[in-house]
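Here is the structure we will look at.
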Amino acid sequence: MVLVGIADLDEETAGKYPGIYQYGQCQSRAFIKGIFAFFAGGAAGLTASYVIKRRYPNFPPVYNVVFVAGGAIVTSYAVASIASKQCQRLWVNTAQQQSYTEMNSKHVQSNSQGTVKTTTSEQPSETPATVKDGIKTTKYGDQMG
């Protein structure tokens, strides 16, 4: 089966990866931010080339392309990579938060002095990862080997 997008995932697969839909939406926004940054970086490069051309009249015109393309590429890469990393952090935090909620193994209590006391009510039923024959299986069922 070929997936056209994250919206095409079946419920079983989506259930293995908590927050997958939010991650897809976040990555779409990161892509759009990168496109807008490409145009903004190109405009900034074009502006810089005009300013340099006025200041240095003998400046070769071939460098105008370098400034425009360089500004566009560097800006879009920087913006898109930062936004993508934020999406990855969001997805990891969502998955960790859901696994902590599901396990329900720790209860945090605070007393009047402001100290925090952590108590464990029960052991989690499944381990975070198992290793069999050199292949590590995560708690979501992914096999890494």
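Results, tabulated for the structure shown:
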item: Among the candidates Gly70, Gly45, residue that is within 22 Å of Ser84 (Cβ to Cβ), touching a helix residue (DSSP H, G or I) at 6+ places or on another chain (Cβ under 7 Å) and either surrounded by 13 or more Cβ atoms within 10 Å (Cβ to Cβ) or aromatic (Phe, Trp, Tyr) (or both); result: Gly70
item: Inter-residue pairs, beta-carbon under 9 Å, first in contact (Cβ under 8 Å) with a residue 24 or more places away in the chain and in the stretch 62-86, second of a type in the set (Lys, Arg) and in a helix (DSSP H, G or I), 6+ apart; result: Ser76/Lys33; Val79/Lys33; Ala80/Lys33; Ala83/Arg29; Ala83/Lys33
item: Where Val79 falls short, out of the listed (1) aliphatic (A, V, I, L, M); (2) more than 13 Å from the chain's Cα centre (by Cα); (3) at pLDDT 90 or above; result: (2)
item: The one condition in (1) aromatic (Phe, Trp, Tyr); (2) modelled with pLDDT of 85 or more; (3) in contact with a strand residue (DSSP E or B) (Cβ under 8 Å, 6 or more places away or on another chain) that Tyr100 fails to fulfil; result: (2)
item: Flag if Ser105 is loosely packed, with under 10 Cβ neighbours inside 10 Å and either modelled with pLDDT under 65 or more than 30 Å from Ile32 (Cα to Cα) (or both); result: no
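The values are calculated or read from the model by the stated rules, or taken from the named source; none is laboratory data. Fair warning: this is a prediction, and the values are worked out from it, not measured in the lab. Neighbour counts are summed over all protein chains in view; Cβ atoms, including those assigned to glycine, are modelled from backbone coordinates with ideal geometry.
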